[in-house]
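The values are calculated or read from the model by the stated rules, or taken from the named source; none is laboratory data. Quick caveat, the model's predicted, so the values are computed rather than measured. So basically every Cβ, Gly included, is an ideal-geometry build from the backbone, and we count neighbours across all protein chains shown. Ligands, DNA and RNA are excluded from the accessible area calculation, which covers all protein heavy atoms including side chains. Shrake-Rupley method; radii C 1.70, N 1.55, O 1.52, S 1.80 Å.
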Amino acid sequence: DIEALNKKYAEEGKALYEQFKVDIEEMEAGNMSLNSGYVIETDTDELLSFGRYVEVIVVSRSTVMQYTTIDKKAETVITLPSLFKNDRYSDIISRYIEDELRNRMIETQGADMYFVGGTEWHDESFGVFESISPEQNFYITEAGKLVISFDVYEVAPGFMGLVTVEIPTELLEDVLMSNKYIK
C-alpha cells in the first residue's frame, strides 16, 4: 500500500543520505559527482509508472534506477509477480530477453554488448544473464506493454548504460493474471 511505499522510500532516503555524507568528501576532493531525480514513464487515469535514479560518477558512471508502478484507482503498488498466475512468467520473459539481447548484438555486429552467450562478441568470463528475479525492475507503458529494466552492469558492460527490453504481450497471454494492466 501507499503507506508501506512511503516508509520504504523514507528508509531508502536515509540510507542514500548516509552514503551521500560519505560521498560528499569524495566530491569535495573533486573525485566524484552525484546526480539523482525521477522520470515518469506512464501517467494515465489508471496507472502511474515512475523511476527514481541515482547516478554516481567516480572514474566511470554508475546508474541505479528503481521503478514503481501504481494502480491509482486501487491505490496499490503493482509488483511483477502480481501480474501473473504463476512463476512460469520468469522463464518466458528471461528467455525472450536473452534472445533479444543476442539479436541486438548480432544486428550491431558486436557494437552493442550484453552478457548473453551464443555470439562471437561476448566473453563469458564477464558472466552470463540467467534470469529475471521477482523483484526485477519494470514499468508498464501507456499502451499496456511490459518493459523490463536493468541497471548499469546488470546485463551489459557499463558503456551500454541502463538497458530496457519491451516484452511482447502475446508471449505472456497464457500466464497473465488478466489484461487489466498488460494489453
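Below, the figures for the structure above:
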| item | result |
| --- | --- |
| Verdict on Asp174 being modelled with pLDDT under 95 and of a type in the set (Asp, Glu) | no |
| Residue match in the stretch 59-70 (condition: more than 18 Å from Ala156 (Cβ to Cβ), open to solvent by 60 Å² or more (accessible area, probe 1.4 Å) and either of a type in the set (Lys, Arg) or part of a strand (DSSP E or B) (or both)) | yes |
| Whichever residue in the stretch 86-122 is aromatic (Phe, Trp, Tyr) and under 30 Å from Ser178 (Cα atoms) and, among such residues, is most open to solvent (accessible area, probe 1.4 Å) | Tyr96 |
| Test for Ser125: is it farther than 24 Å from Ser49 by Cα and either open to solvent by less than 30 Å² (accessible area, probe 1.4 Å) or outside any loop (DSSP other than H, G, I, E, B) (or both) | yes |
| Filter result for Ser125 (without any contact (Cβ under 8 Å) to a residue 60 or more places away in the chain and polar (S, T, N, Q)) | yes |
| Qualifying positions in the stretch 72-121 - among the polar types (S, T, N, Q), in contact with a strand residue (DSSP E or B) (Cβ under 9 Å, 6 or more places away or on another chain), closer than 18 Å to Ser133 by Cβ and in contact (Cβ under 8 Å) with a residue 60 or more places away in the chain | Ser82 |
| Sole exception among (1) within 30 Å of Thr44 (Cα to Cα); (2) surrounded by fewer than 17 Cβ atoms within 10 Å (Cβ to Cβ); (3) modelled with pLDDT under 95 for Ile78, by number | (2) |
| From the options Ile132, Ile140, Ile148, Ile167, residue that is in contact (Cβ under 8 Å) with a residue 60 or more places away in the chain, closer than 21 Å to Tyr53 by Cβ and surrounded by 14 or more Cβ atoms within 10 Å (Cβ to Cβ) | Ile140 |
